[in-house]
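Read-outs throughout are calculated quantities, based only on the coordinates presented, and are distinct from any laboratory measurement. This one's a predicted model, so the numbers in the text were calculated from it and none came from an experiment. Reconstructed Cβ throughout: ideal geometry from the backbone, glycine too, with neighbour counts over all protein chains shown.
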Amino acid sequence: MSFLRKIFLDAFLPAILLIGIVYNGLVAVNGPQGLRVLKQLKAEKVERLALLQAERARTESLTHRAEMLSLRSMNHDLLDETARRVLGVAQPNEFVITEQELERYLRGFSTPKSSAYKSP
C-alpha cells in the first residue's frame, strides 16, 4: 500500500465522514425541516386550533341569532330588541341611558363623599 493511500484511509476518510455526520445532525435539528421548526409548527397548530374553535362558536352563535330572526321561527322579543338597538327607538314608558351617561353616573358613585355631612 502506498503511503498517500494509507494516510487517506486512516485520517482523511474518517474525518470527512465525521464532518458529514455532524453536518447532517445539525441540519436535522436546525434545518428548514428540522426539530425546532417542528416544535414551532406544533405550537402554531395549537394556537390556530384555538382560534378555529372560537370562530366556530361565534359562527354557531350568529347562526342561532339569524335563525331566531328568520320568518319561519321569528322570536318577536329578539327582533324587537335588535330593531330598538339599531334604530335607537324606545317606547314612551321606557328610559334610554347612553353609555356616556352611564359612565358619568357611575363615576359619581365611585368618588368619596364630601365631609360636609356631620352625623348627629
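At most 11 other C-beta atoms within 10 Å and a DSSP loop state: those are the exposed chymotrypsin sites (Phe, Trp or Tyr not before Pro) I care about. Give me the longest piece of the chain that has none. Spell out each step's value before the answer.
Details: sites that count: F95, Y117.
In short, 1-94.
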What ³J(HN,Hα) values, in whole Hz, does the Karplus curve 6.51 cos²θ - 1.76 cosθ + 1.60 give for region 77-90 when θ = phi - 60°, with x put for Gly and Pro? 5, 5, 4, 4, 4, 5, 4, 5, 5, 6, 8, x, 10, 9
In a Gaussian network model over the chain where Cα atoms closer than 10 Å are linked, find which of E47, E103, E94 has the largest mean-square fluctuation. E103
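Can you show me the helix-derived [θ] at 222 nm for the chain, built from DSSP H runs with n ≥ 4 at -39,500 (n - 2.57) apiece and divided by the number of residues, rounded to the nearest 500.
Working: 5 runs with 82 residues, N = 120.
Using -39500 (n - 2.57) per qualifying helix, the result is -23000 deg cm²/dmol.
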Pick out, in residue order, every one of the trypsin sites (Lys or Arg not before Pro) in region 30-100 that is DSSP loop and has at most 16 other C-beta atoms within 10 Å; say none if there are none. R72
